[in-house]
Amino acid sequence: NFLMRVHAFFDWYGLRKAIYVLSSFDSESKVHPYRRAFQKAAAAVDSDRVFFMDAVRENGWVLFYACKTVQNDKDVVMEAVRQTGFALACASEALRGDREVVMEAVRQKGFALQYACVKFRGDKEVVLEAVCQNGLALDFASDELKADKEVVAKAVRQNSRALGYACVKFMSDKDFIMNAVHLNGFALELACDTLQGDKEVVTEAVRQNGTALEYASEDLKGDREVVLEAARQDGHALAYASQELKGDKEVVMQAVRQDGLALLHASEELNGDKEVVMEAVRQDGRFLLYASLALKSDKEVVMEAVRQ
């Protein structure tokens with residue numbers, strides 16, 4: 001029944017769209033004629049609560065075309081934000097100030113916090129719900145909550161870049177950054193320079209995500225212990241190691257054991273090391289591509305590669 005009504009509505013709309021556009025096009029109007037045509041067509045059913053209740057279950061954005069009465073109907077709006085939290089943008093001002101509606105919206109899409117009544121940006125429970133769904137929703141929280149450790153920690157756990165929206169004090173707070181990188185190594189990217197050069201912090205970060213080595217200080221990119229820890233977690237971390245360590249056989253072997261593609265980042269000398277290359281091609285014969293010309297002609301190496 002619902003699909004029949006939708007098809008009938010859009011068939012009616014399609015038949016009249018061209019006529020309406022031709023007859024009412026106004027070059028001075030700021031509203032695109034196709035949108036006006038759709039809005040006029042929608043007026044035929046804009047007060048039909050049952051129609052919109054069914055429609056928003058399929059696509060919450062349909063609420064955009066409803067009349068103000070429907071946009072102020074809590075049951076309809078709740079169905080819309082369950083389908084997409086962003087439908088909160090189409091709700092009445094009163095419902096954007098309704099805590100239950102807002103909680104449902106941010107639970108579905110954290111970014112919906114931007115459409116909620118301003119008072120909710122300072123509501124810790126609402127903001128926590130939003131940042132747990134999308135850490136970057138911290139951008140829309142109040143300054144007070146951007147300085148709240150619990151809120152910021154939850155946001156950073158979901159998305160390390162959320163730290164960029166937090167109070168700047170956290171970027172130089174070692175205890176906080178240690179906790180943050182333990183949950184998400186990439187949080188190191190937004191730590192202050194001092195902490196990016198702190199071996200304890202960086203080691204914790206690369207244990208969680210080896211490629212967080214990218215954000216370590218140059219000194220620590222050349223620290224053998226740190227780089228080995230990073231390569232153990234993700235072979236691609238070798239890409240961010242110092243040139244000296246890219247030529248360290250133990251470091252490179254650790255990296256290619258974790259991921260043979262790390263051979264791509266090894267020094268020219270180690271691309272010609274048979275033991276290193278054999279380790280890589282045992283995982284995937286295509287990694288022979290990164291070996292030296294001499295090893296590409298080595299029968300034992302090539303035979304190992306083609307077996308894979």
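The values are calculated or read from the model by the stated rules, or taken from the named source; none is laboratory data. Predicted, not measured: the structure shown is a model, and the values here were computed from it. Only protein heavy atoms, including side chains, enter the accessible area calculation; ligands, DNA and RNA are left aside. Shrake-Rupley method; radii C 1.70, N 1.55, O 1.52, S 1.80 Å.
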Q) Given the protein chains as shown and a 1.4 Å probe, how many square angstrom of K119 are accessible, to the nearest 10? A) 120 Å²
Q. Once you sort the root eigenvalues of the Cα gyration tensor of the stretch 54-171 as a ≥ b ≥ c, which label holds: rounded (a/c under 1.5), prolate (a/b larger than b/c) or oblate (the other case)?
A. prolate
Q: Take the cross-link list K174/K249; K274/K299; K119/K169 and give me the ones stretching past 22 Å between alpha-carbons.
A: K174/K249; K119/K169
**Q.** Surface share of carbon and sulfur [accessible, 1.4 angstrom probe, percent] for the stretch 106-213
**A.** 45 percent
**Q.** Whole-Hz couplings from phi, Karplus 6.51/-1.76/1.60, listed for the stretch 246-263; x for Gly and Pro
**A.** 5, x, 8, 4, 5, 5, 5, 4, 4, 5, 6, 5, 6, 7, x, 5, 4, 4
Q.
Keeping all protein chains in the complex and leaving out DNA, RNA and ligands, what accessible area do you get for L136 with a 1.4 Å probe, in Å² to the nearest 10?
A. 40 Å²
Q | Cα centroid separation - the stretch 282-308 against the stretch 177-253, whole Å | A | 29 Å
Q: State in Å² the accessible area per residue of the stretch 253-299; use a 1.4 Å probe, count heavy atoms of protein chains only, and round to the nearest integer.
A: 52 Å²
Q. Excluding ligands, DNA and RNA, what is the solvent-accessible area per residue of the stretch 41-149 at a probe of 1.4 Å, expressed in Å²?
A. 45 Å²
